[in-house]
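Chemist: Let me give you the structure first, and then I'll get to my questions.
Computed from the coordinates by the stated procedures, all read-outs in this text should not be read as laboratory data. All of these numbers come straight from a predicted model, not from anything done at the bench. All Cβ positions, glycine included, derive from the backbone under ideal geometry; neighbour counts span all protein chains shown.
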Amino acid sequence: MYFIAIVCPQEVDNKVLQFKLWMNKHFGSVAALKSPSHITLIQPFWMDERREDDLKTALQAFRSDMDELEIKLEGFSHFGKRVLFARVRENRSLEELKNQAADYFTGSFGEFIKKDDRSFHPHITIANRDLKPGDFEKGWYFLSKKSFKEKFFTKTISLLKHKEGNWYVIGEKQW
């Protein structure tokens with residue numbers, strides 16, 4: 001299983017990690033701890049591992065004429081009562097990059113990667129599928145009282161692979 005994302009720089013990842021660890025300590029939530037903090041551009045997809053080198057080659061061939069992106073994180077929010085996340089402020093350039101990546105990778109690997117028809121809601125997950133409904137309310141109450149404001153600049157997309165229960169960066173590309 002693979003996905004394509006913007007991975008947060010280490011200093012931002014360390015700050016997000018503190019919230020993930022709080023959720024783990026208080027509610028046993030571990031799913032978000034299994035990947036570096038990131039903004040997903042291409043949702044996870046299954047692909048025959050024998051095609052991994054083709055995927056890495058395609059990543060290296062990806063091009064965009066976009067400038068470096070400024071990513072601003074501000075506060076927290078949630079999807080329903082299952083996902084808690086750090087909010088990414090609206091950013092048309094980020095959305096354009098997501099669209100470019102989707103067009104490129106679905107064009108090259110359409111048998112594995114399907115175009116996501118849902119609207120793009122960039123976020124950085126703090127807790128998700130393993131958070132029990134009763135714990136969601138407590139976790140949301142905690143996050144809703146916290147201030148969180150970060151920004152970073154990037155011109156890099158990453159390819160991540162699911163291996164032995166965790167997600168690892170196996171390729172990066174500056175566009």
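Chemist: If we count other beta carbons within 10 Å of each Cβ, what is the order of SER147, SER158, fewest first?
Modeler: Arranged by neighbour count, lowest to highest, SER147, SER158 become SER147, SER158.
Chemist: Kindly provide the trypsin sites (Lys or Arg not before Pro) of region 132-175 that DSSP labels as loop, not H, G, I, E or B, and whose Cβ sees at most 12 other Cβ atoms within 10 Å.
Modeler: For trypsin sites (Lys or Arg not before Pro) across region 132-175 that sit outside H, G, I, E and B with at most 12 neighbouring Cβ atoms in 10 Å, the list reads LYS145, LYS146.
Chemist: Report, in degrees rounded to the nearest 10, the 0 to 90 angle that the Cα long axis of helix 133-144 makes with the longest principal axis of the chain.
Modeler: 90
Chemist: Over the chain, with a Gaussian network built from C-alpha contacts below 10 Å, which listed residue (LEU159, LEU69, LEU59) shows the highest mean-square fluctuation?
Modeler: Judging by the Gaussian network model, the answer is LEU69.
Chemist: In addition: Pop out the ³J(HN,Hα) list for region 7-19 in order, Karplus 6.51 cos²θ - 1.76 cosθ + 1.60 with θ = phi - 60°, rounded to Hz; leave Gly and Pro as x.
Modeler: With the stated coefficients, region 7-19 comes to 8, 5, x, 3, 5, 6, 4, 4, 6, 5, 4, 4, 6 Hz.
Chemist: When THR57, THR40, THR156, THR106 are ordered from fewest to most other Cβ atoms inside 10 Å of their Cβ, what list results?
Modeler: The order, fewest Cβ neighbours first, is THR57, THR156, THR106, THR40.
Chemist: Taking springs between alpha-carbon atoms closer than 10 angstrom, which of ASP117, ASP67, ASP48 fluctuates most in the Gaussian network model of the chain?
Modeler: Top of the fluctuation ranking is ASP117.
Chemist: Helix-derived [θ] at 222 nm for the chain: sum -39500 (n - 2.57) over DSSP H runs of at least 4, divide by residue count, nearest 500?
Modeler: Taking each H run of at least 4 residues, the total per residue is -11000 deg cm²/dmol.
Chemist: Using a Gaussian network model of the chain with C-alpha springs under 10 Å, which one of HIS26, HIS38, HIS162 is most mobile by mean-square fluctuation?
Modeler: HIS26
Chemist: Okay, next question. Considering amide H positions built from the backbone, and no H for Pro or chain starts, which residues 5 or more places from ILE170, or on another chain, come under 5 Å of its amide H?
Modeler: Amide H to amide H, under 5 Å and 5 or more residues apart or across chains, ILE170 pairs with LEU159, LEU160, LYS161.
Chemist: Hey, another quick one. Can you flag which of LYS56/LYS161; LYS25/LYS138; LYS20/LYS145; LYS34/LYS115 are past 19 Å Cα-Cα?
Modeler: Numbers: LYS56/LYS161 11 Å; LYS25/LYS138 13 Å; LYS20/LYS145 16 Å; LYS34/LYS115 25 Å.
Table pairs above 19 Å Cα-Cα are LYS34/LYS115.
Chemist: Considering only DSSP states other than H, G, I, E and B, which trypsin sites (Lys or Arg not before Pro) in region 1-39 qualify as loop sites with at most 15 other Cβ atoms within 10 Å?
Modeler: Values: sites: LYS15, LYS20, LYS25, LYS34; in loops: none.
Listed in order of number, the matching sites amount to none.
Chemist: Here is a further query. Which distance in nm do the two modelled labels at TYR168 and LYS155 give, with both placed 7 Å along the Cα-to-Cβ direction?
Modeler: The answer from the label model is 2.9 nm.
Chemist: Expressed in nm to one decimal, what extension gain is obtained for the pair GLU49 and GLU11 from 0.36 nm per residue of sequence separation less their Cα-Cα distance?
Modeler: 10.5 nm
Chemist: Using only C-alpha atoms and all pairs of different ones, pull out the Kirkwood radius for region 104-158 in Å with one decimal.
Modeler: Evaluated over region 104-158, this radius sits at 15.2 Å.
Chemist: Something else about it: Just to confirm the filter: which GluC sites (Glu not before Pro) across region 96-174 are DSSP coil and have at most 14 other Cβ within 10 angstrom of their Cβ? Present the calculation step by step, with values, prior to reporting the outcome.
Modeler: Working: sites: GLU96, GLU111, GLU137, GLU150, GLU164, GLU172; in loops: GLU111, GLU164.
Here the GluC sites (Glu not before Pro) that fit, given the DSSP loop and packing criteria, are GLU111, GLU164.
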